[in-house]
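Working notes for the structure below.
The values are calculated or read from the model by the stated rules, or taken from the named source; none is laboratory data. Because the structure is a prediction, the values reported are computed rather than measured. Glycine also receives a Cβ, built like all others from the backbone with ideal geometry; neighbour counts cover every protein chain displayed.
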Amino acid sequence: MARNKNNRRDNDNKMSMEERGRKGGEATAKSRGKEFYQEIGRKGGESTAESHDKDFYQEIGRKGGESTAESHGKEFYEEIGRKGGEATAENHDKDFYQEIGRKGGEATSESHGKEFYEEIGRKGGEARNNNNNRD
């Protein structure tokens, strides 16, 4: 019997390659189980980590962030931010926040010059002045 370009028999079997792949995946999932996929995922992750550098991960992270931003609105980010903040607050104490604040301050200090601090100081002074004038 003749076969078409999708490698299926014209009359006997109308199943597409996509359908065959889906069914094969389902059968593998049933026979191999969750641990199988965890193991091949771990191996794939290790292999990828060995063959790619920091720039690769930054680029895929940027692309993923852009894709997520296109498909989700402001409310999505507010919700995940709130949930993340609540989870962090439940799991960490005052020392944790002091440490990340110190690290953030050091990183900002290393990446910004004197002008940055002058600008935020000026803006803070203006905001404080405006708040005092309202009272």
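Details
- First in region 1-27 and part of a loop (DSSP other than H, G, I, E, B) and modelled with pLDDT under 90, second anywhere and surrounded by 10 or more Cβ atoms within 10 Å (Cβ to Cβ) and not charged (D, E, K, R), Cβ under 8 Å, 6 or more apart: Asn6/Ser16; Asn6/Met17; Asn7/Met17; Arg8/Met15; Arg8/Ser16; Arg8/Met17
- Subset of region 100-116 that is over 27 Å from Gly85 (Cα atoms) and assigned to a helix (DSSP H, G or I) - its residue that is modelled with the lowest pLDDT: Lys114
- Any hit, region 67-83, residues being at pLDDT below 95, closer than 28 Å to Ala49 by Cβ, aliphatic (A, V, I, L, M) and touching a helix residue (DSSP H, G or I) at 6+ places or on another chain (Cβ under 9 Å): yes
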